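The values are calculated or read from the model by the stated rules, or taken from the named source; none is laboratory data. The structure displayed is predicted, hence computed values, not measured ones. Every residue, glycine among them, receives a Cβ derived from its backbone with ideal geometry; neighbour counts consider all protein chains shown. Ligands, DNA and RNA are stripped out before the accessible areas are found, and what is left, the full protein with its side chains, is counted by its heavy atoms. Shrake-Rupley method; radii C 1.70, N 1.55, O 1.52, S 1.80 Å.
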Amino acid sequence: MHISEGFLPLTHAAAWTLASAPFLAHGISKLNGARDNRYLLAASAGYLFTLTALKLPSVAGSSSHPTGVALGTVLAGPAVMPALSLIVLLFQALLTAHGGLTTLGANVFALGVAGPWTTWLLWRLAARFGLGDRPAIALATAIGSLATYACTSLQLALAHPDPSGGVAGAFLKFAAVFSVTQFPVAVIESLFTIAVVRAIVNSGGVRIAGLEAWAQR
Amino acid sequence: MRNALVCLAVCGAIGATAWGLASATGRVDADERVAAMLPPPARPAIWDPSEPFQALSVGGQAAVGVAIFGLAWVRLRRRTK
């Protein structure tokens, strides 16, 4: 989902940076105020670091990486994810040529805002409707992963509208390419995230409303 | 000592897997597929590391991630004992 250097006009890059800024500022303030939960944050950051480095083979000769935002969203809440995403995206922009510096704001918005908040809202909604914790986390993780790529598709569509179909046409075109690759990866990520959340909660170091009972089963 | 060695081995294995996936799958990354549908970039990358360096960095990123996650998990478990 990383938009590389030069693929967004400077005005768009600046607008997405401005859009990310309040989320980022809030996330950094939450990080500073969450010293008691520093190991949870470290686990979330490590998970995000690892999963975004794994380019998994997918269908039709393509590959993509999981987003890794679901664990941090469930353990530490979606508010801190922009700050964690910024660290990962900066590392990747500088060392792996994945993403870019001027597109950092747009990428933070997709990975740190759109994905985590979609995951969190779906997780909470699914739990409220009695879906069960495991299916709720699986569904939220998979849809959150796809939402990250949908956000990137929208960012690219706004910058490069289709000559005939406009922004909507371009969005569908980009989202179609991403979804073919990302759907299997999102399913794998959701299963893996369930296992990791379960392991962490079972280890006893975490108290998340509604999850302790699930981990004991 | 044994735990540290196991931790290092896990970090190395996952880092090597990430490096392998980044350098030798022969598959086209979804981002590259979409980038191919776009006009050429308006600005060159500020710094464009070589392919081997990128693959090595990806492997390093995965290994660092596993190390951070592992250490955090150990501390979480220790805190509850």
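Some points to look at:
- Here residue A:118 fits the description: within 11 Å of the chain's Cα centre (by Cα) and either closer than 30 Å to residue A:202 by Cβ or of a type in the set (Asp, Glu) (or both).
- Cross-chain or 6+ apart pairs with Cβ under 6 Å, the stretch A:85-97 first and within 11 Å of another protein chain (Cβ to nearest Cβ) and at positive phi, then in a helix (DSSP H, G or I) and open to solvent by 10 Å² or more (accessible area, probe 1.4 Å): A:97/B:54
- Any hit, the stretch A:10-32, residues being in a loop (DSSP other than H, G, I, E, B) and of a type outside the set (A, V, I, L, M): no
- Enumeration of residues in the stretch A:19-62 that are open to solvent by 40 Å² or more (accessible area, probe 1.4 Å) and at positive phi: A:60
- Meets criteria (under 23 Å from residue A:2 (Cβ atoms) and over 21 Å from the mean Cα position of the chain (by Cα)) for residue A:184: no
- Within the stretch A:139-193, if we keep just the residues that are in contact (Cβ under 8 Å) with a residue 60 or more places away in the chain and among the small types (Gly, Ala, Ser), the residue that is surrounded by the most Cβ atoms within 10 Å (Cβ to Cβ) turns out to be A:145.
- Residue list for the stretch A:8-63, restricted to those being more than 23 Å from residue A:97 (Cα to Cα) and free of Cβ contacts under 8 Å to residues at least 24 places away in the same chain: A:22, A:25, A:29, A:32, A:33, A:35, A:36, A:38, A:42
- Counting only helices (runs of 4 or more DSSP H) that sit completely within the stretch A:100-217, those holding 1 or more residues that are away from chain B (no Cβ under 14 Å) and at pLDDT below 85 correspond to A:115-128, A:133-159, A:211-216.
- Among residues that are within 13 Å of chain B (Cβ to nearest Cβ) and over 30 Å from residue B:20 (Cβ atoms), residue A:19 is not included.
- Reported count of residues in the stretch B:1-18, each being open to solvent by 60 Å² or more (accessible area, probe 1.4 Å), closer than 21 Å to residue A:95 by Cα and more than 9 Å from chain A (Cβ to nearest Cβ), is 0.
- Subset of the stretch B:36-63 [surrounded by 19 or more Cβ atoms within 10 Å (Cβ to Cβ) and at the interface with another protein chain (Cβ under 7 Å from one of its Cβ atoms)]: B:54, B:57, B:58, B:61, B:62
- Hey, residue B:72 farther than 21 Å from residue A:61 by Cα and either among the hydrophobic types (A, V, I, L, M, F, W, C) or in contact (Cβ under 8 Å) with a residue 12 or more places away in the chain (or both) or not: yes
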